[in-house]
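Take this structure, written in structure tokens, and hold onto it; I'll ask about it next.
The values are calculated or read from the model by the stated rules, or taken from the named source; none is laboratory data. For clarity, every value in this text was computed on a predicted model and none was experimentally measured. Positions of Cβ are generated from backbone atoms using ideal geometry, with glycine treated the same way; all protein chains shown enter the neighbour counts.
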């Protein structure tokens, strides 16, 4: 826990200087203690309502929904700020409990236009070489931990590759 606090203390000023939200994984109490902008909770961490009580109304809370549109609807109805689908690919950071198909991102985007727009995050083993189908399917954000830190050409090259993919996708939608 001390290492996580130290990392948050290092990252938070950098994130704020660049207008980037710092979202902590799995631990709302620690995220609040570190004044993170939000927390991401998995299905086995705690209920959304409990995380919201800990974090307060002004913080971001995202919920893992695996490959389940039903779980995503429940999270959105409870008030989640975003839903995360995946894992789409094998990931070195977590064991994949259930594989998700990119079509769930399209289904979510179609559903949220009729309800309320809740962003979706694609998660799980995403790299610059496999991200394009997820972007094309409608992922609003990509969770790319090992896709950056374990990239064969280094983290800066990974960020440049992801940025080029996202910019290209944005140009196609304009």
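Only one residue in 80, 67, 72 is surrounded by 19 or more Cβ atoms within 10 Å (Cβ to Cβ) and assigned to a loop (DSSP other than H, G, I, E, B). Which one?
Result of the check over 80, 67, 72: 80.
So the check is Cβ under 8 Å with 6+ separation or different chains; which pairs have a first residue in region 148-174 that's on the phi > 0 side of the Ramachandran plot and in a helix (DSSP H, G or I) and a second one that's modelled with pLDDT under 90 and surrounded by 15 or more Cβ atoms within 10 Å (Cβ to Cβ)?
none
Filtering region 24-56 down to residues that are closer than 12 Å to residue 84 by Cβ and assigned to a loop (DSSP other than H, G, I, E, B), which residue is modelled with the lowest pLDDT?
43
Which members of region 128-144 meet the condition of being closer than 18 Å to residue 158 by Cβ and surrounded by 18 or more Cβ atoms within 10 Å (Cβ to Cβ)?
Of everything in region 128-144, those that are closer than 18 Å to residue 158 by Cβ and surrounded by 18 or more Cβ atoms within 10 Å (Cβ to Cβ) turn out to be 128, 131, 134, 135, 139, 142, 143, 144.
Test residue 98 against the criterion of being over 16 Å from the mean Cα position of the chain (by Cα), in a loop (DSSP other than H, G, I, E, B), surrounded by fewer than 18 Cβ atoms within 10 Å (Cβ to Cβ) and modelled with pLDDT under 95, and give yes or no.
The answer is yes for residue 98.
What residue, among those in region 110-123 that are outside any loop (DSSP other than H, G, I, E, B) and out of contact with any strand residue (DSSP E or B) (no Cβ under 7 Å at 6 or more places or on another chain), is modelled with the highest pLDDT?
Per the stated criteria, the residue is 110.
Inside region 5-35, can you point out the residues that are in contact (Cβ under 8 Å) with a residue 12 or more places away in the chain and within 16 Å of residue 121 (Cβ to Cβ)?
Correct list: 21, 22, 23, 24, 25, 26.
I've got another one for you. Assess whether residue 61 counts as being at pLDDT 95 or above, touching a helix residue (DSSP H, G or I) at 6+ places or on another chain (Cβ under 7 Å) and surrounded by 17 or more Cβ atoms within 10 Å (Cβ to Cβ).
So residue 61 fits the description; yes.
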